[in-house]
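What follows is a set of notes on a single structure, which appears directly below.
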Amino acid sequence: MTLEELAREKEAIAELIARYNYAIDHNDFQGWATCFAPEGIFDGMIGRFAAHRELDRFTAEVKKLTAATPHLRHYVTNIQTEVNGSEARSRCFLLMTSTSKESGTKVVIAGEYEDTLVKRDGKWLFTERKVLMDGA
């Protein structure tokens, strides 16, 4: 793989991460699920879910969370990705905030994402997205 090809693959993975964040922050649960391969797993602060098979359960858990922590926003930085053909591993830092009139904006989570990915039909997808919360 040339450096140019590697840069394109890393950019496509960074775009997937951005689409994931935008979907979940706007309650687009189907859009969130499309970021995962059919066998994809999300493992985070609200539990472990098969992204497609357990989308209804995941949606219910997110709605419980956002009842107490409204207007969630995910922010990621320092994305590091290793690409090996049609597979990749990625890590990045995570901050998640919640904003309300009563309490303003507060940090809900600080931590990292640890991702495994696969490229299928020209698209990168998560096979596992794990949240490692600081202090947990």
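Could you tell me which numbered condition PRO70 fails, if it satisfies all but one of (1) free of Cβ contacts under 8 Å to residues at least 24 places away in the same chain; (2) more than 20 Å from ALA18 (Cβ to Cβ); (3) touching a strand residue (DSSP E or B) at 6+ places or on another chain (Cβ under 7 Å)?
Status for PRO70: all satisfied but (1).
THR116 - would you say it is without any contact (Cβ under 8 Å) to a residue 12 or more places away in the chain and part of a strand (DSSP E or B)?
Answer is no for this residue.
Please state which of the following conditions GLY47 fails to meet, knowing it meets all the rest: (1) among the small types (Gly, Ala, Ser); (2) within 19 Å of LEU132 (Cα to Cα); (3) surrounded by 13 or more Cβ atoms within 10 Å (Cβ to Cβ).
So the condition that GLY47 fails would be (3).
Please determine, by comparing only the residues of the range 1-14 that are in contact (Cβ under 8 Å) with a residue 40 or more places away in the chain and more than 17 Å from GLU114 (Cβ to Cβ), which one is nearest to the chain's Cα centre (by Cα).
That would be ALA12.
Just to be sure I understand, how many residues within the range 26-44 are modelled with pLDDT of 95 or more and either surrounded by 15 or more Cβ atoms within 10 Å (Cβ to Cβ) or in a helix (DSSP H, G or I) (or both)?
Result for the range 26-44: 12.
Scan SER86, SER98 and give me the residue that is out of contact with any helix residue (DSSP H, G or I) (no Cβ under 6 Å at 6 or more places or on another chain), more than 24 Å from ALA14 (Cβ to Cβ) and touching a residue at least 24 places away in the same chain (Cβ under 8 Å). Don't jump to the end; show me each part of the working.
On the way: SER86 fails: more than 24 Å from ALA14 (Cβ to Cβ).
Going through SER86, SER98 in turn, just one is out of contact with any helix residue (DSSP H, G or I) (no Cβ under 6 Å at 6 or more places or on another chain), more than 24 Å from ALA14 (Cβ to Cβ) and touching a residue at least 24 places away in the same chain (Cβ under 8 Å): SER98.
Taking the range 81-111 only, how many residues are of a type in the set (Ser, Thr, Tyr) and at positive phi?
The number of residues fulfilling the criteria is 0.
Against the definition (aromatic (Phe, Trp, Tyr), in contact with a helix residue (DSSP H, G or I) (Cβ under 8 Å, 6 or more places away or on another chain) and at pLDDT 95 or above), how does PHE49 come out, yes or no? Can you show your working first?
Details: aromatic (Phe, Trp, Tyr): yes; in contact with a helix residue (DSSP H, G or I) (Cβ under 8 Å, 6 or more places away or on another chain): yes; at pLDDT 95 or above: yes.
Yes.
Can you tell me which of (1) surrounded by 17 or more Cβ atoms within 10 Å (Cβ to Cβ); (2) under 28 Å from GLU5 (Cα atoms); (3) within 13 Å of the chain's Cα centre (by Cα) is the one PHE93 doesn't meet?
Here PHE93 meets the rest and fails (1).
ALA67 versus (1) surrounded by fewer than 17 Cβ atoms within 10 Å (Cβ to Cβ); (2) modelled with pLDDT of 95 or more: which is the lone unmet condition?
The single condition ALA67 does not satisfy is (2).
Against the definition (in a loop (DSSP other than H, G, I, E, B), surrounded by fewer than 16 Cβ atoms within 10 Å (Cβ to Cβ) and charged (D, E, K, R)), how does GLU102 come out, yes or no?
yes
The values are calculated or read from the model by the stated rules, or taken from the named source; none is laboratory data. Because the structure is predicted, anything quoted here is derived from the model rather than measured. Cβ: placed from backbone, ideal geometry, glycine included. Neighbour counts: every protein chain shown.
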